[in-house]
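Every number in this text was worked out from the coordinates using simple rules, so none of it is lab data. Just so it is clear, the structure is predicted and the values come from calculations on it, not from any experiment. Because the Cβ atoms are built from the backbone with ideal geometry, glycine has one as well, and the counts that use them run over all protein chains shown.
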Amino acid sequence: MISLFKYFKDIGLPIIAFMLFFLIDPFKMGHLGGYGVTLLVLSKKELISSQIDADVVVLFFFSIVYAIFYTFTPDFSVQGTLFYVFFPTAFFLLGKYVVIKTRRVKDLYLFFFVVGFLFSLTALLSVGLNLIEGGFKQFERTIPLFWNGHLVSATLMGSFFTFNMCIPALLIVQQGKLNLIQKLVAMAIFVASLLCTFRLGSRTQSVIAVFLTVIALIYIIPRQSRDKNLRLIIMLGVVAIMVYLYVPLNLDADYLSVLGNRLDDSKNTASAGGRTERWTKSLYNLFRKPLGWSFEEFGYSHNLWLDVAQVTGLIPFFAVLFFTYKNIKKTIRAVLKRGGDLSFRTMILAFTISANLLFFVEPVMQGTFYMFVVYCFFQGAISKYYFFIEDLPVTGKEKIQSTSNR
């Protein structure tokens, strides 16, 4: 942790403080941290002079065009327009900057983990307090915010746990970056987050956790030695036995009251909560109404890309689709490239997949916009990390090259 604090000092404590304020979002004032990050990033000459690449241009183009079209919507606000214009690009550049300042991959790994946890902190406190007061057998899914009692929908609240759902995928790597105490803390965070998503009745987060664990196993097993895979199998076996013996696995259990009630609605589950019908209508409207369509027609499309098309039309739709494609392509290249660190590669794989799974089924720009901003931060770091990892480790240790102008 001392090395992590030194890493924060290298990045700059003011920019770290503004970023943490943005992530925690106290009293819904996190945008002030976003403004601080934006101003400090713009003041970094090394970013502006050497790190403006095609990814930054595409993202900024999307942000500008989306903001312009947004000004014609009934929900228009000057502050919201500023968020859309500056925050995604500023945090993408910040992601590049934290990699440039990295001396050890472990510090970057821990920083990513801290970012994911702090992004969930307000939601953890809010849902946790609700559980303490009323338990699991509450079927009202709108939860009051910890800071000021402001009511937040389960869809929005659940999105903040997305990166915590990656924790099992991270812990199954047998050459992990976390010591025993850190692993126990990470597992506690995951269990608490999972219980909170059960209280919210979030099927999305449960699917993300299971899907990522399976994908991580498929990715990790061929890349680990037989001894490490044997330890992994033993560990998974012990966990499975403990869960079987001590955790009631049926939908009538108290902790599954809300989620079980939603899963029992087979029609709702089969249509992904009515999303499939909205997706079909949205795809039809792409051709029939290329400049967007009214929210009153059928509400949110519950899909990042289709919701962008609904609000602002085809131009921003294709821009964000292209931006997503470039991010996925760079993530795959970074994950598959020889060299680098298996733990960190697993992390960036899990974070990218989890975010895109959420984007596929939830409104983002109009609902979980901060999630999109954090995603841009991670993708900025991943795009820079790819050019920093060495093809072969030096003296048995993975490190990052200081080729920041590359």
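In this structure the amide hydrogen of V152, modeled in the peptide plane, comes within under 5 Å of the amide hydrogens of I143, L145, none closer than 5 places in sequence on its chain.
Under the simplified labelling scheme, the I328-I132 pair shows an inter-label distance of 4.2 nm, with each label point 7 Å from Cα along Cα→Cβ.
Equivalent ellipsoid of the stretch 68-184: semi-axes from √(5λ) of the C-alpha gyration tensor, largest first, are 30, 27, 11 Å. Considering all C-alpha pairs of the stretch 51-385, those separated by over 28 Å amount to 45%.
Projected over all directions and averaged, the alpha-carbon convex hull of the stretch 157-209 occupies 3.4 nm². Centre-to-centre separation between the Cα atoms of the stretch 310-339 and those of the stretch 134-169: 28 Å. Extension gain, R231 to A253, is 4.7 nm, computed as 0.36 nm per intervening residue step minus the present C-alpha separation.
Taking a straight Cα-Cα cut-off under 25 Å and skipping sequence neighbours fewer than 8 places away in the same chain, the lysines within cross-link reach of K289 are K281.
For the stretch 117-132, backbone phi angles converted through the Karplus equation (6.51, -1.76, 1.60; θ = phi - 60°) give residue-by-residue couplings of 5, 5, 5, 9, 4, 4, 5, 4, 5, 5, 6, x, 5, 4, 5, 4 Hz, Gly and Pro being listed as x. Considering only Cα atoms, the convex hull volume of the stretch 272-322 works out to 64 Å³ per residue.
Computed over the stretch 204-354, the Cα gyration tensor eigenvalues convert (square root of 5λ each) into semi-axes of 37, 27, 9 Å, ordered from largest to smallest. Provide Rg over Rh for the stretch 1-43; use the alpha carbon set for both Rg and the Kirkwood Rh (inverse mean inverse pair distance). Radius of gyration over Kirkwood radius for the stretch 1-43 works out to 1.04.
Summarising the label geometry, the points placed 7 Å from Cα in the beta-carbon direction at K183 and V214 lie 2.5 nm from one another. The simple Förster model, with R0 at 25 Å and r as the Cβ-Cβ distance, assigns F5 and K28 a FRET efficiency of 0.30. In terms of distances greater than 18 angstrom between alpha carbons, the cross-link table entries K106/K330; K44/K384; K28/K137; K44/K329; K9/K101; K45/K337 yield K106/K330; K28/K137; K44/K329; K45/K337. Between V238 and L263, the C-beta separation translates, for a Förster distance of 35 Å, into a calculated FRET efficiency of about 0.80. Of the chymotrypsin sites (Phe, Trp or Tyr not before Pro) found in the stretch 62-116, those in coil by DSSP whose Cβ has at most 13 other Cβ atoms within 10 Å are F72, F76. Taking Cα centre as origin and charging only the Cβ of basic (Lys, Arg, +1) and acidic (Asp, Glu, -1) residues, the dipole magnitude of the chain rounds to 1400 debye. Taking the fewest neighbouring Cβ atoms within 10 Å as the starting point, the ordered list for V373, V58 is V58, V373. Shape class for the stretch 5-139: oblate, because the ratio a/c of the largest to smallest gyration tensor axis (alpha-carbon atoms, square roots of eigenvalues) is 1.5 or more and b/c is at least a/b.
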